[in-house]
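**Student:** Pasting a structure here, questions to come.
The values are calculated or read from the model by the stated rules, or taken from the named source; none is laboratory data. These numbers were taken from a predicted model, which means no experiment stands behind them. No Cβ is skipped: glycine too gets one built from the backbone with ideal geometry, and neighbour counts run over all protein chains shown.
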Amino acid sequence: MTNLSLFRESTRSWLADNCPKSMREPMLEKDICRGGRNHIFQSNDQKIWLDRMASKGWTAPTWPIEFGGAGLCKEQAKVLREELIAIEARPPVSGMGISMIGPAILEFGSETLKKQHLPAMARGEIRWCQGYSEPNSGSDLAGLQTKAENFGDHLIVNGQKVWTSYGDDADWMFCLVRTNTDVGKHSGISLVLFDMETKGVTTRPIQLISGTSQFCETYLDDVRVEIDQIVGEIDAGWTVAKYLLTHEREALGKMGSSPVERSIKEQAITCLDLTNGRLNDEVIRKELIDWEIDYFCHQLTSERVNAEIASSGVGNTSAMLKYYGTELNKRKYELLISIHGSESMHWEDNPVSRQWLRSKGNSIEGGTSEIQLNIIAKRILGLG
C-alpha cells in the first residue's frame, strides 16, 4: 500500500470517528461557520467539528504546522478534500482568512505577520473582510483613492470602501491603500491590515434585492495602521493584490459546486412528479442533465488546472474558473426556481428565491464577468 493510500485510509477512519453526524447534513447560509471573535455557534457539534479539525491542522491543511496548518502536500490535501466530500461534511470554517489573505501572508508577509495572524485564522478565531472596491474604483481597482500617509512607525488612512462583504461582522480588514501618488497608479499601492475596532473605522450595511445585507460601505477616517501591518513591501502592494485576487476568483469559481444545500437532483425528486424513478417534466429533466454535465466538466477542469499550477506555478486560469463557476451558479438557481415552481415565491419559508436573487451578484463581485472575459481573451487565448 502506498503512502498516499495509507493517508487516505487513516483520514477516512479519523473522519468517521470525529465528524459529528449533524455536520454531515445539508446546510443553509445561516449554518455556515465563519468564525471570529463574536461568532455564535449554531450548535455544540459545530464547535466540536471546528475544534477537532483545527487541532489536526486540517482547516488549512497545506499551511506549515507552525502556522496552524498540517503541512500536507497537495496530493494529501486533495485526498482530504475527497474524503470530506464523500461523507458530505460541512466545512469546519469558511471565510476570507484561510481562502484569501492567509495565502497572501504566507507568500509575502513577514514572520511577525505570519505568527500573529495565521494560527488564529486556522483556529477560526478571526474573521476577515476585504477592502478593495471603492465607489469610483470597482473594475479599475488600481484607480483607488483611499490614501495612507506615512509617519514612520505607522500610517494614517483616509478613504471609503464599498461592497465590503460582511464588513459589519468582521474582526480585521485587509485593505488596499495608496501610499505614493508620485508614481504610476499600479506602483504606489500597499496592502495593509487593521482591526475593525480601530478608531475611525465605520461600516454601514447595504440592503440587497435578496433582502439580506452581506455587503457594506466602510469609511476610514484617520485610521492608524502600524507599519508592521503592511503585507510585502510598501508601494508594492499591487503584486500582492493580484496574487490575492487569484485566490478570490478560485473561491468564487467553486460556487456552482457549493455544498451549502441539497443537490439539485435531490430537490427535483422531492418537488416533482416521477414515473418509474424518472422525472415526468421533460424540459426540466433535460436542463438538469445539461447542468450536471457542465458541473462535472467544471470539476474536471478545476482538477486539471490545479495539476498544471502545481507543476508550473500560478497561471491566469483563475479568471476562467471564476467566470464559468459563477455563471454555473446562476444557472443552478434558475433551475431551482423552475423545480420549486410557485413554492419558490414563498419569501419567508423557502430560501430559493433569495438565493436566486443573490446569485445575480456573482457575475459582479470579485471582478465582473466582462472583466474576466477580457482577461481570458488576452492572457489565456492571447488575443489582441
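**Student:** Checking the condition touching a strand residue (DSSP E or B) at 6+ places or on another chain (Cβ under 6 Å), at pLDDT 85 or above, of a type in the set (Val, Ile, Thr) and surrounded by fewer than 20 Cβ atoms within 10 Å (Cβ to Cβ), which residue from 269, 234, 230 passes?
**Tutor:** 234
**Student:** Considering only residues that are surrounded by 12 or more Cβ atoms within 10 Å (Cβ to Cβ), assigned to a helix (DSSP H, G or I) and small (Gly, Ala, Ser), look in the range 295-340 and name the one that is modelled with the lowest pLDDT.
**Tutor:** It comes out as 310.
**Student:** Now for a different question. Can you pull out the residues in the range 184-228 that are part of a strand (DSSP E or B) and of a type in the set (Gly, Ala, Ser)?
**Tutor:** Our first condition is that a residue be part of a strand (DSSP E or B); within the range 184-228, this holds for 189-195, 201-206, 215-226.
Correct list: 190 only.
**Student:** Collect the residues in the range 196-227 that are aliphatic (A, V, I, L, M) and at pLDDT below 95, keeping them in residue-number order.
**Tutor:** Answer for the range 196-227, where residues must be aliphatic (A, V, I, L, M) and at pLDDT below 95: 206, 208, 209.
**Student:** Quick one: what pairs do we get from the range 1-20, first residue assigned by TED's automatic domain parsing to the domain that holds residue 44 and hydroxyl-bearing (Ser, Thr, Tyr), second surrounded by 15 or more Cβ atoms within 10 Å (Cβ to Cβ) and part of a helix (DSSP H, G or I), C-beta under 8 Å, 6+ apart or different chains?
**Tutor:** Close Cβ pairs (under 8 Å, with a partner that is surrounded by 15 or more Cβ atoms within 10 Å (Cβ to Cβ) and part of a helix (DSSP H, G or I)) amount to 11/79; 11/80; 11/83.
**Student:** I've got another one for you. Quick one: would you say residue 144 is in the same structural domain as residue 171 (by TED's automatic domain parsing), farther than 19 Å from residue 4 by Cα and out of contact with any Pro (no Cβ under 6 Å at 6 or more places or on another chain)?
**Tutor:** yes
**Student:** Next question, about the same structure. Looking at the range 263-294, which of the residues that are part of a helix (DSSP H, G or I) and of a type in the set (A, V, I, L, M) is farthest from residue 330 (Cα to Cα)?
**Tutor:** Let us first name the residues in the range 263-294 that are part of a helix (DSSP H, G or I), namely 264-271, 282-294.
Now drop any that are not of a type in the set (A, V, I, L, M), which leaves 264, 268-269, 283-284, 288-289, 293.
Working: 264: 13, 268: 17, 269: 21, 283: 18, 284: 16, 288: 14, 289: 16, 293: 16 Å.
My answer is 269.
**Student:** Which residues, taken from the range 28-45, are assigned to a loop (DSSP other than H, G, I, E, B) and of a type in the set (Lys, Arg)?
**Tutor:** Passing the criteria: 34, 37.
**Student:** Next up: What number of residues in the range 363-379 are assigned to a helix (DSSP H, G or I), of a type in the set (A, V, I, L, M) and under 23 Å from the mean Cα position of the chain (by Cα)?
**Tutor:** Adding up the residues that qualify gives 4.
**Student:** Moving on to the next point. Considering the range 159-183 alone, what residues qualify as being part of a strand (DSSP E or B) and over 27 Å from residue 107 (Cβ atoms)? Steps first, please.
**Tutor:** Of the residues in the range 159-183, the ones part of a strand (DSSP E or B) are 159-161, 172-178.
160, the sole residue that qualifies.
**Student:** Would you mind telling me which numbered condition in (1) within 19 Å of the chain's Cα centre (by Cα); (2) more than 25 Å from residue 173 (Cα to Cα) residue 75 fails?
**Tutor:** Unmet condition: (1).
**Student:** Just need a number here: residues in the range 135-158 that are under 15 Å from residue 238 (Cβ atoms) and part of a strand (DSSP E or B).
**Tutor:** 2
**Student:** So, one more: Starting from residues that are assigned to a helix (DSSP H, G or I) and without any contact (Cβ under 8 Å) to a residue 60 or more places away in the chain, keep the ones in the range 67-77 and report whichever is nearest to residue 11 (Cα to Cα). Show your work before the answer.
**Tutor:** Taking the range 67-77 first, the residues assigned to a helix (DSSP H, G or I) are 67, 74-77.
Right, trim to without any contact (Cβ under 8 Å) to a residue 60 or more places away in the chain and you get 67, 77.
Values: 67: 21, 77: 11 Å.
Applying the filter and picking the extreme gives 77.
**Student:** OK, next. Restrict the check to the range 54-64 and report whether at least one residue is over 19 Å from the mean Cα position of the chain (by Cα), at pLDDT 95 or above, assigned to a helix (DSSP H, G or I) and under 16 Å from residue 98 (Cβ atoms).
**Tutor:** Taking every residue of the range 54-64 in turn, at least one turns out to be over 19 Å from the mean Cα position of the chain (by Cα), at pLDDT 95 or above, assigned to a helix (DSSP H, G or I) and under 16 Å from residue 98 (Cβ atoms).
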